[in-house]
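The values are calculated or read from the model by the stated rules, or taken from the named source; none is laboratory data. Only a predicted model underlies this, so the values are computations on that prediction, with no experimental measurement involved. For neighbour counting, all protein chains shown are included, and Cβ atoms are generated from backbone atoms with ideal geometry for every residue, glycine included.
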Amino acid sequence: MICALGTQREAVWEHMLAGQCGIGPVTLFDTDGYRSRIAAEVDLSEVQARFTPYQRRRWSRSDMMGVVAAEEAVEDAGLLDSGIDRARVGVLLGAGTGDLVRNESYYFTMRREGMDRARPTWIHNHFSSTPVDIVAAHFGFEGVRSCLMAACSSSTIAIGQAVDAIRRGRIDAALAGGTDALSRLTFAGFNALRLMDPQPCRPFDAGRQGMNIGEGAAILVLEDWDRARRRGARIYAELAGYSFTCEAYHPTAPEPEGQAIGSTIRAALDDARVNASDVTHVNAHGTATPQNDKAEARGVHVVFGDRAPAMPVTSLKAMFGHCLGAAGAMEAAALALTVSRGVIPPTIHLDRVDPDCAVDVVANTPRQVPVPCAVSTSLAFGGNDSALVLRQA
């Protein structure tokens, strides 16, 4: 994991449990004139030394963050030491805008100073799928390779499709997750939609005003259960089920009564062959927009009924922002640690829970509690909803 809270899994986890906020002024580009001028930027200076001059020159922020997250995951899983056939290891990542920051710099330089002054190398990695290719080539993995783009559900869907590929016997293991970097386009777009809070966001709070964009990468090593156990791999959780659906309601707003996200959660539970009564925690999408949090809380009620008011729910976006194409993977990685370690990270900046969000929000301090089975949800523009079910290993 790499995000505004740190460049390594344990540092990120420690800062999450401490309720640290990684949101601050944007330094990557000029934010004059925007309603919100803050985001959750990643400090890449800590990891620059591991890259060659060529890589630093040609790779984008998304590429670098993806490789950092992948290297940590592969080493932790002992995948390269397991004798696995690299032709049967897939790479499936969710993405958003790719390397738009450098593309934008190329465009503005061309406009201001002429085409001769704009360096073509700035747009070398134009495609959002480039991180998938770079991560796969970095390790020599030749299995299923896919870049998923479904807005904020991209990396959750990528994880689900990796599970599907392993179940069908197409691959033995996969690097699955997402990587996404800040750009002017996304920052301006969400500001234009008036979805951005000028202050650090407050999921589920009665006074919430919107989201903060973040950037980062999280990659999981997914592997057939029996194979992982035989080789003695460190297993954090079982990814028992997943789902992805389309609300067909509105391009940018969630279905307000929670029926759509409720259907998505139920489909994931069905895939996992898990009863709703077995779930003890929900890691929510929790963007801190008025519409999202209310619809998501209602979805929890749709699925869990009388248990919903006491269902522990958390949103991590007030700490590392909304990482867009990487958001679902960030939250899935955090949930795997939650299930493994029995600690739920908090929803910070919460003063008063919105009465319309009648769930047990884990507010401001972590909660030590066994989490044998949990759900992570992702809601995206276009009505692209997805959910994962994780169980204790």
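Can you run down the residue pairs with Cβ atoms below 6 Å, 6 or more apart or on separate chains, where the first is in the range 215-237 and at positive phi and the partner is of a type outside the set (Phe, Trp, Tyr) and assigned to a strand (DSSP E or B)?
Matching pairs, first to second residue: Gly216/Ile2; Gly216/Cys3.
Between Thr156, Thr130, which is of a type in the set (Ser, Thr, Tyr) and under 29 Å from Ala358 (Cβ atoms)?
None of the others qualify; the one that does is Thr156.
Scan the range 248-260 and give yes if some residue there is of a type in the set (S, T, N, Q), touching a Leu at 6+ places or on another chain (Cβ under 9 Å) and at pLDDT below 95, otherwise no. Write out each step before concluding.
Just the residues of the range 248-260 that are of a type in the set (S, T, N, Q), to begin with: 252, 259.
Next, only the ones that are touching a Leu at 6+ places or on another chain (Cβ under 9 Å) stay: 252.
When the remaining residues are screened for being at pLDDT below 95, the result is 252.
Within the range 248-260 (the criterion being of a type in the set (S, T, N, Q), touching a Leu at 6+ places or on another chain (Cβ under 9 Å) and at pLDDT below 95), the answer is yes, since at least one residue qualifies.
Out of Ser45, Ser36, Ser60, I need the residue that is under 20 Å from Gly94 (Cβ atoms) and among the hydroxyl-bearing types (Ser, Thr, Tyr). Which one? So that I can check it myself, show each step before the final result.
Working: Ser45 fails: under 20 Å from Gly94 (Cβ atoms); Ser36 fails: under 20 Å from Gly94 (Cβ atoms).
That would be Ser60, the only listed residue that is under 20 Å from Gly94 (Cβ atoms) and among the hydroxyl-bearing types (Ser, Thr, Tyr).
For the range 33-113, list the helices (runs of 4 or more DSSP H) that sit wholly inside it and hold at least 3 residues that are crowded, with 18+ Cβ neighbours inside 10 Å; which are they?
Once the helices (runs of 4 or more DSSP H) in the range 33-113 are filtered for at least 3 residues that are crowded, with 18+ Cβ neighbours inside 10 Å, what remains is 61-77, 100-113.
Based on what the data block shows, is Glu142 surrounded by fewer than 21 Cβ atoms within 10 Å (Cβ to Cβ), in contact with a Phe, Trp or Tyr (Cβ under 9 Å, 6 or more places away or on another chain) and either touching a residue at least 24 places away in the same chain (Cβ under 8 Å) or of a type in the set (A, V, I, L, M) (or both)? So that I can check it myself, show each step before the final result.
Details: surrounded by fewer than 21 Cβ atoms within 10 Å (Cβ to Cβ): yes; in contact with a Phe, Trp or Tyr (Cβ under 9 Å, 6 or more places away or on another chain): no; either touching a residue at least 24 places away in the same chain (Cβ under 8 Å) or of a type in the set (A, V, I, L, M) (or both): yes.
Taking the combined requirement at face value, the residue does not satisfy it.
Answer with yes or no whether Gly19 is touching a residue at least 12 places away in the same chain (Cβ under 8 Å) and either in a loop (DSSP other than H, G, I, E, B) or under 26 Å from Gly328 (Cβ atoms) (or both).
Working: touching a residue at least 12 places away in the same chain (Cβ under 8 Å): yes; either in a loop (DSSP other than H, G, I, E, B) or under 26 Å from Gly328 (Cβ atoms) (or both): yes.
Criteria met by Gly19.
Condition first: within 20 Å of Gln209 (Cβ to Cβ) and of a type outside the set (A, V, I, L, M). Now tell me which residues in the range 299-322 satisfy that.
Scanning the range 299-322 gives Thr314, Ser315, Lys317, Phe320, Gly321, His322.
Take the residues of the range 342-376 that are loosely packed, with under 14 Cβ neighbours inside 10 Å and in contact with a helix residue (DSSP H, G or I) (Cβ under 8 Å, 6 or more places away or on another chain): which is nearest to Thr287 (Cα to Cα)?
Asp356
Exactly one of these conditions fails for Asp270: (1) farther than 20 Å from Pro370 by Cβ; (2) surrounded by fewer than 23 Cβ atoms within 10 Å (Cβ to Cβ); (3) under 22 Å from the mean Cα position of the chain (by Cα). Give me its number.
Of everything listed in (1) farther than 20 Å from Pro370 by Cβ; (2) surrounded by fewer than 23 Cβ atoms within 10 Å (Cβ to Cβ); (3) under 22 Å from the mean Cα position of the chain (by Cα), Asp270 misses just condition (3).
Does Arg184 satisfy the condition of being surrounded by fewer than 24 Cβ atoms within 10 Å (Cβ to Cβ), modelled with pLDDT of 95 or more and not aromatic (Phe, Trp, Tyr)?
Numbers: surrounded by fewer than 24 Cβ atoms within 10 Å (Cβ to Cβ): yes; modelled with pLDDT of 95 or more: no; not aromatic (Phe, Trp, Tyr): yes.
Judged against the criteria, Arg184 is not a match.
Is it the case that Ala233 is out of contact with any Pro (no Cβ under 6 Å at 6 or more places or on another chain) and closer than 30 Å to Ser82 by Cα?
Numbers: out of contact with any Pro (no Cβ under 6 Å at 6 or more places or on another chain): yes; closer than 30 Å to Ser82 by Cα: yes.
Judged against the criteria, Ala233 is a match.
In the range 190-214, which residues are out of contact with any strand residue (DSSP E or B) (no Cβ under 7 Å at 6 or more places or on another chain) and surrounded by 23 or more Cβ atoms within 10 Å (Cβ to Cβ)?
Arg202, Arg208
Strands (runs of 3 or more DSSP E) wholly in the range 129-234 with at least 1 residues that are touching a Cys at 6+ places or on another chain (Cβ under 6 Å) and not polar (S, T, N, Q) - which ones? Write out each step before concluding.
Values: elements: 145-148, 173-180, 216-223.
Filter on the range 129-234 gives 173-180, 216-223.
Of (1) closer than 25 Å to Thr314 by Cα; (2) within 20 Å of the chain's Cα centre (by Cα); (3) aliphatic (A, V, I, L, M), Ala260 satisfies all except one. Which?
Only one criterion in (1) closer than 25 Å to Thr314 by Cα; (2) within 20 Å of the chain's Cα centre (by Cα); (3) aliphatic (A, V, I, L, M) is unmet by Ala260, namely (2).
Go through the residues of the range 341-360 one by one and say whether even a single one is in a helix (DSSP H, G or I) and under 25 Å from Asp197 (Cβ atoms). It would help to see each step written out before you state the result.
Step one: filter the range 341-360 for residues in a helix (DSSP H, G or I), giving 341.
Among the residues that remain, those that are also under 25 Å from Asp197 (Cβ atoms) are: none.
The answer is no; no qualifying residue exists.
This table checks each residue for (1) among the basic types (Lys, Arg); (2) without any contact (Cβ under 8 Å) to a residue 24 or more places away in the chain.
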residue	(1), (2)
Val42	no, no
Tyr54	no, yes
Ser60	no, no
Val68	no, no
Glu75	no, yes
Leu93	no, no
Gly96	no, no
Arg102	yes, no
Glu113	no, yes
